[in-house]
Amino acid sequence: MNYENVKSVYESTSKRTHYDWGLREYLLKAYQYMAFALTLTTIISMGAASSPQFLYVIHGTSLKWVVAFAPVMMAFYMGSRLMSMSVTGAQTCLIIFATLIGLSLSSIFILFTGESIARVFFITASTFGAMSIYGYSTKRDLTSMGSFLIMGLIGILIASIVNIFMQSGAMQFMISVIGVGVFTLLTAYDAQRIKSLYYQSYSNAEITQKLAIYGAFTLYMDFINLFVFLLQLFGVKKND
């Protein structure tokens, strides 16, 4: 018996077991952070919507521009600085970001019926779950989609800013259709990417913790944007 071969197989198997266990813990934490952020956003959004006076302050005054653009600025800040923060700092930023998104999304309760919001949320959760599973389990390398999806994001952002002034229903419809496609694919892409990031840093507990928060942040963004674009397509407005 070649004991060197046995030792090599044992070490390889042990290493793979450690990888698999650590990956499960890492992904579980990422999705837990994401679920927490979504729950916080829902609570803040519904709480703000329950007060007509508060809704008027944040959506009927000049403060609406702060509520609209603060999450965008916060997203750029977190995307560029999150890995250089402490774990506590990253967690705090995620909480602040989820709160800002909650305030921003409170307007949907003015525009859309509660039933259609719940229906679109269920559609979003189902789509997100299916694409996350695909991104995690597929053997196909989705890296090549990255540049294409980034270009799509930039295009959506520019078109959305232009449409603030144009107020074109046709343009908004096209933005929503493209947005659904982009964020559906981004969900699979990000699910695979945060999985691959683990294998690059599994030996550093602090970095792994911050990567879990970063993964939660990107998946949260995918979910929220997918929900908003689907709501614009399939939501039933109260005045319809």
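Between Phe112 and Lys238, the built amide H atoms are under 5 Å apart, and every one of these is 5 or more places off in sequence or on another chain.
Treating the angle as unsigned and between 0 and 90°, give the value, to the nearest 10°, between the Cα long axis of helix 169-201 and the longest Cα principal axis of the chain. Orientation of helix 169-201: about 20 degrees from the principal axis.
Inter-part distance, the stretch 72-87 to the stretch 182-229, computed on C-alpha centroids, equals 14 Å. Relative protection proxy for 141-152, 213-224, from highest mean packing down: 213-224, 141-152 (other beta-carbon atoms within 10 angstrom). Indicate the gyration tensor shape class of the chain (rounded, prolate or oblate), computed on the Cα atoms with a ≥ b ≥ c the square roots of the eigenvalues: a/c under 1.5 is rounded; otherwise a/b larger than b/c is prolate and the rest oblate. Judged from the Cα gyration tensor, the chain comes out prolate (a/c at least 1.5, a/b above b/c). Relative to the longest principal axis of the Cα atoms of the chain, the long axis of helix 63-81 makes an angle of roughly 10 degrees.
The number of Lys pairs in the chain with C-alpha atoms less than 16 Å apart, excluding pairs fewer than 8 positions apart on the same chain, is 5.
Angle of helix 3-49 to the longest C-alpha principal axis of the chain, folded into 0 to 90 degrees and rounded to 10: 10°. Applying the Karplus relation 6.51 cos²θ - 1.76 cosθ + 1.60 with θ = phi - 60° to the stretch 92-98 yields 3J(HN,Hα) values of 4, 4, 5, 5, 4, 5, 4 Hz, where x marks Gly and Pro. Remark on Met85: its backbone amide H falls under 5 Å from none of the residues 5 or more positions apart or on other chains, H modelled at 1.01 Å from N.
Considering only Met78, Met131, Met166, the mean-square fluctuation computed in a Gaussian network model of the chain, springs between alpha carbons under 10 angstrom, is largest for Met166.
Taken together, the values in this text are just the output of simple stated rules run on the coordinates, not laboratory data. Bear in mind the structure is a predicted one, so any value in this text is a computation, not a measurement. Counting neighbours? That spans all protein chains shown, and the Cβs are built from the backbone with ideal geometry, glycine included.
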